[in-house]
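To start, the structure under review is shown below, and the notes come after it.
The values are calculated or read from the model by the stated rules, or taken from the named source; none is laboratory data. Keep in mind that what you see is a predicted model, and the values were worked out from it rather than measured. Cβ atoms come from the backbone with ideal geometry, glycine included; neighbour counts cover every protein chain shown. Protein only, heavy atoms only, side chains kept; ligands, DNA and RNA dropped before computing areas. Shrake-Rupley method; radii C 1.70, N 1.55, O 1.52, S 1.80 Å.
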Amino acid sequence: MFNAITHSQIYVLDQDEALDFYVGKLGLEVNSDVDLGFMRWLTVHVPGHPERQILLERPGAPALSEETAQQVRELLTKGATGGSLIFSTDDCRKTYDTLLGRGVEFTEEPTERPYGIDCALRDPFGNSIRFTQLKP
């Protein structure tokens with residue numbers, strides 16, 4: 001049956017601002033940026049791993065009616081859409097310091113956990129992001 005997850009999706013309010021954040025601050029790479037007419041297909045990936053893409057999608061047509069899209073936008077700004085990404089890193093504290101230097105605002109500093117060290121932030125739209133340095 002299935003052998004991989006190729007795309008995950010999160011909602012963003014502004015795709016240009018999302019590019020600035022995910023590529024300019026977090027260091028991801030653009031995989032696709034295509035104007036399909038009815039929507040902009042914008043995906044990013046971790047450098048060296050284009051097989052797993054994140055679709056940065058604006059809430060709207062064709063998937064959502066304007067009324068539903070407005071409700072999603074309101075929930076998104078409250079951090080209530082459930083959009084979440086978890087990345088791995090070889091050095092959580094070093095990554096934290098690098099991103100802090102790029103102006104990323106964190107909701108949780110690096111913390112020792114049973115599984116390793118991780119921390120948390122929100123993107124400019126309210127999506128939750130964590131990155132983890134797993135124990136060997």
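For this structure, a couple of remarks:
- Only residues that are over 20 Å from G126 (Cα atoms) and either open to solvent by less than 90 Å² (accessible area, probe 1.4 Å) or modelled with pLDDT under 95 (or both) were counted in the range 50-65, giving 5.
- Checked against the criteria, T111 does not count as in a strand (DSSP E or B), closer than 15 Å to F125 by Cβ and not aromatic (F, W, Y).
- Every condition in (1) out of contact with any Gly (no Cβ under 8 Å at 6 or more places or on another chain); (2) at pLDDT 95 or above; (3) among the basic types (K, R) holds for R73 except the one numbered (2).
- The listed residue being closer than 21 Å to G103 by Cα and either in contact (Cβ under 8 Å) with a residue 40 or more places away in the chain or open to solvent by 60 Å² or more (accessible area, probe 1.4 Å) (or both), out of L75, L28, L19, L85: L85
- Any hit, the range 101-110, residues being touching a residue at least 24 places away in the same chain (Cβ under 8 Å) and either more than 16 Å from I129 (Cβ to Cβ) or of a type in the set (D, E) (or both): no
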